[in-house]
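Since the structure comes first, as structure tokens, the remarks are kept for the end.
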Amino acid sequence: MRLKDLEVRHASPREKDYKLADGGGLHLLVRPNGSKLWRMKYRFAGKEKLLSFGAYPSVGLGDARLERAKAKIALAEGLDPGAGNESRKGKTFEQVARAWHANRLSGLDDAHASRLLRRLERDAFPAIGGIDVRKVTAAQVLEMLRSVEARGPLDVSRRIKQHISQIYRFAIPQGWAETDPAQYLTDLMQPKPRVRHMPRVGVAELPTLVRAIDQYDGDENPRRRAVTRAALLFTLLTWARTNETRLALWSEFEGLDGDDPIWRVPPARMKMEREHLVPLSAPVVALLREVRQFSTGKHVFVGDKLGQPISQNTMIYGCYRMGYRGRQTVHGFRGIASTWANEAECYKADWVEMALAHVEQNEVRGAYNSALYLTPRRRMLAAWAQYITCLNGAHGV
């Protein structure tokens, strides 16, 4: 049964690839990422082969049928419609983009290479992937970028624009394209919003904050009170982000009984999607042993629901109950620690940035090493823990 344009237009992605047949070998391949690609199966010289006609909606149903008719004519004349097809039609943007990506793989770490390709597959390929790379216009690229901006992630739209220009710098010297359609689009994109720093107290007010955390009494439930206190202190001492702390698993901690204990945070929970190693100071190890009595499952900081971690708001509400609403956030702990380390003038900026998991997005630097500066970072975090302990006086951490 022949396809109708309405069926093609409203074909929704599923968990796996699926096909909508139009007859004569022509079908629409619908991918989980939402892309819709025209394909045609045929046999030549006893072998099954596949033709690609581009992506819908850039190539409509009528256009795909026309390409099928041309292929049938070639077959009737004893010719392979796939032979020389690339030179006749030129390379599509997706073909060139994948060639560019493959060319760069050796210089990228796996996580970054995967992120880069996912951006193109999610946004660029469905919009312009099936178009001859020579025929992609600035207006088509801009329309695609604005659809990304409409979702909210302005940093992603700018990265995709950067990738497109890199793809054309790869294509032009090889004769696959003449100009870069993304070259003059920067001024037409939405400006990046100003960075809003999380509220935090100054280093001079840190002693009061530390004592407030250590003596936390913002909850009537003793277990909940102890877990909240431990989570806040743990976050302060490790420079972790809220989700990195609250979703911490016991299986991520190594060598707690040895000389060099480590917290190995998996890529899935890191903002940059890269593994992060946190060297643990003696007070942190002691804190983990203390909180172990309240943990009955895989999570370190257990919430009220059986087998579940503390909620997203547990620690920030703890700050509110201590009287720091609008003055101090949990994320702001990182800013205090960074200020302390930089003002100490004995810790290199690279150590501080690595401890904060602020890794430079420079693809040229090659593979990312999660153990980078691990020894000096261990000394730095140990000194920070000692500083916090001294601020707390006789109470200890």
**Fill in**
Pairing a residue in the stretch 91-115 that is in contact (Cβ under 8 Å) with a residue 40 or more places away in the chain and outside the structural domain of Lys36 (by TED's automatic domain parsing) with any residue that is of a type in the set (Asp, Glu) and assigned to a helix (DSSP H, G or I), where Cβ atoms lie under 9 Å and the two sit 6 or more apart in sequence or on different chains, gives Arg104/Glu363; Gly107/Glu363; Leu108/Glu363; Asp109/Glu363; His112/Glu363
**Request:** Output the number of residues of the stretch 293-315 satisfying the condition of being out of contact with any Lys or Arg (no Cβ under 9 Å at 6 or more places or on another chain), modelled with pLDDT of 90 or more and surrounded by 13 or more Cβ atoms within 10 Å (Cβ to Cβ).
**Result:** 1
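Go through the residues of the stretch 127-149 one by one and say whether even a single one is among the hydrophobic types (A, V, I, L, M, F, W, C), in contact with a strand residue (DSSP E or B) (Cβ under 7 Å, 6 or more places away or on another chain) and either in the same structural domain as Ser58 (by TED's automatic domain parsing) or in contact (Cβ under 8 Å) with a residue 60 or more places away in the chain (or both).
Yes; the residues of the stretch 127-149 include at least one that is among the hydrophobic types (A, V, I, L, M, F, W, C), in contact with a strand residue (DSSP E or B) (Cβ under 7 Å, 6 or more places away or on another chain) and either in the same structural domain as Ser58 (by TED's automatic domain parsing) or in contact (Cβ under 8 Å) with a residue 60 or more places away in the chain (or both).
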**Message:** Given the criterion in contact with a strand residue (DSSP E or B) (Cβ under 7 Å, 6 or more places away or on another chain) and within 20 Å of Val96 (Cβ to Cβ), identify the matching residue among Tyr42, Tyr56.
**Reply:** Tyr56
**Request:** Please indicate, with yes or no, whether at least one residue in the stretch 179-190 is assigned to a loop (DSSP other than H, G, I, E, B) and free of Cβ contacts under 8 Å to residues at least 12 places away in the same chain.
**Result:** yes
**Request:** Within the stretch 194-214, identify whether any single residue is part of a helix (DSSP H, G or I), closer than 30 Å to Thr296 by Cβ and touching a Ser or Thr at 6+ places or on another chain (Cβ under 6 Å), and answer yes or no.
**Result:** no
**Request:** Return yes when Leu20 is part of a strand (DSSP E or B), among the aliphatic types (A, V, I, L, M) and crowded, with 18+ Cβ neighbours inside 10 Å and no when it is not.
**Result:** no
**Request:** Output the qualifying pairs, or none if there are none: Cβ atoms under 8 angstrom, residues six or more apart or on different chains, first residue in the stretch 277-294 and in a helix (DSSP H, G or I), second residue among the aromatic types (Phe, Trp, Tyr).
**Result:** Val284/Phe234; Leu287/Phe234; Leu288/Phe234; Leu288/Phe253; Val291/Phe234; Val291/Phe301
**Message:** Kindly evaluate Pro279 against the criterion of being within 28 Å of the chain's Cα centre (by Cα), buried (at least 20 other Cβ atoms within 10 Å of the Cβ) and not hydrophobic (A, V, I, L, M, F, W, C).
**Reply:** yes
**Prompt:** When you go through Gly25, Gly46, Gly62 one by one, which is the residue that is touching a residue at least 12 places away in the same chain (Cβ under 8 Å) and either not aromatic (Phe, Trp, Tyr) or not assigned by TED's automatic domain parsing to the domain that holds Arg119 (or both)?
**Reply:** Gly25
**Prompt:** Going through the stretch 23-56 one residue at a time, which ones are in contact with a Lys or Arg (Cβ under 6 Å, 6 or more places away or on another chain), part of a loop (DSSP other than H, G, I, E, B) and on the phi < 0 side of the Ramachandran plot?
**Reply:** Asn33
**Prompt:** Looking at (1) closer than 19 Å to Arg223 by Cα; (2) under 30 Å from the mean Cα position of the chain (by Cα), which is the only condition Glu290 fails?
**Reply:** (2)
**Prompt:** Does any residue of the stretch 124-131 turn out to be surrounded by 13 or more Cβ atoms within 10 Å (Cβ to Cβ) and in a loop (DSSP other than H, G, I, E, B)?
**Reply:** yes
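Among the candidates Val136, Val96, Val59, single out the residue that is buried (at least 16 other Cβ atoms within 10 Å of the Cβ), at pLDDT 90 or above, assigned to a loop (DSSP other than H, G, I, E, B) and not basic (Lys, Arg). Walk me through it before giving the result.
Details: Val96 fails: assigned to a loop (DSSP other than H, G, I, E, B); Val59 fails: at pLDDT 90 or above.
Checking each option against the conditions leaves just Val136.
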**Request:** Of all residues in the stretch 252-276, count the ones that are in a strand (DSSP E or B) and within 15 Å of Ala382 (Cα to Cα).
**Result:** 2
**Asked** Listed residues Gln166, Gln183, Gln162; which is loosely packed, with under 13 Cβ neighbours inside 10 Å and either over 27 Å from the mean Cα position of the chain (by Cα) or not assigned by TED's automatic domain parsing to the domain that holds Arg334 (or both)?
**Response** Gln162
**Asked** How about the stretch 344-379: which of its residues are modelled with pLDDT of 60 or more, within 29 Å of Gln162 (Cα to Cα) and acidic (Asp, Glu)?
**Response** Asp350, Glu353
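The values are calculated or read from the model by the stated rules, or taken from the named source; none is laboratory data. Just so it is clear, the structure is predicted and the values come from calculations on it, not from any experiment. A quick note on method: Cβ atoms are made from the backbone with ideal geometry, for glycine too, and the neighbour counts reach across all protein chains shown.
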